[in-house]
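Scroll down for the structure; my scribbles are underneath it.
The values are calculated or read from the model by the stated rules, or taken from the named source; none is laboratory data. Note that this is a predicted model, so its numbers are computed, not measured. Cβ: placed from backbone, ideal geometry, glycine included. Neighbour counts: every protein chain shown. In case anyone asks, the SASA skips ligands and DNA or RNA and just uses the protein heavy atoms, side chains included. Shrake-Rupley method; radii C 1.70, N 1.55, O 1.52, S 1.80 Å.
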Amino acid sequence: MYSVADIDVDICGATKCRLCTQFCPESNTILYDSVRGTAYVAVDRCKGCEICVGICDDLAKHEAIKMLPIDKVVDGFEICKVGFKESLVEAK
Ligand code: SF4
Ligand code: SF4
């Protein structure tokens, strides 16, 4: 079992921050949903390095990212492939 980054969209969405999206070493892994105004993680691309946790905690000071065991991430694979469903609906 390994852990992946999980973003609390309520905390992140309350900020104007996109900081972690510039630091993840894996391309297209922390993405930004401009409709909901929050970052989110493409779970199947996350390597579990935890760099984003340090960025959010220590640089951004928002503490919005926690590492979660992969089997605890709700709808993670659905999120990684299509983004937030609500956003897609609103964007149409
Ligand atoms: S660093 Fe934290 S608050 Fe900033 S975009 Fe990333 S998850 Fe959101
Ligand atoms: S844990 Fe590492 S690979 Fe995963 S989203 Fe954070 S910075 Fe990217």
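Among the residues of the stretch 59-68, which ones are open to solvent by 40 Å² or more (accessible area, probe 1.4 Å) and either under 18 Å from Asn28 (Cβ atoms) or away from ligand 2 (no atom under 13 Å from the Cβ) (or both)? Scanning the stretch 59-68 gives Lys61, His62, Glu63. One residue stands out in the stretch 1-41 among those that are more than 14 Å from His62 (Cβ to Cβ) and small (Gly, Ala, Ser): the one that is least open to solvent (accessible area, probe 1.4 Å), namely Ser3.
Checked against (1) of a type in the set (S, T, N, Q); (2) touching a residue at least 40 places away in the same chain (Cβ under 8 Å); (3) near ligand 2 (Cβ under 9 Å from one of its atoms), Thr15 passes all but a single condition, namely (3). Close contacts from the stretch 32-53, counting a first residue that is basic (Lys, Arg) and a second that is surrounded by fewer than 16 Cβ atoms within 10 Å (Cβ to Cβ) and part of a loop (DSSP other than H, G, I, E, B), with Cβ to Cβ under 6 Å and a gap of 6+ residues or different chains, come to Arg45/Glu26; Lys47/Glu26.
Screening Gly76 against (1) at pLDDT 95 or above; (2) in contact with a strand residue (DSSP E or B) (Cβ under 8 Å, 6 or more places away or on another chain); (3) more than 10 Å from ligand 2 (Cβ to nearest atom) leaves a single unmet condition, (1).
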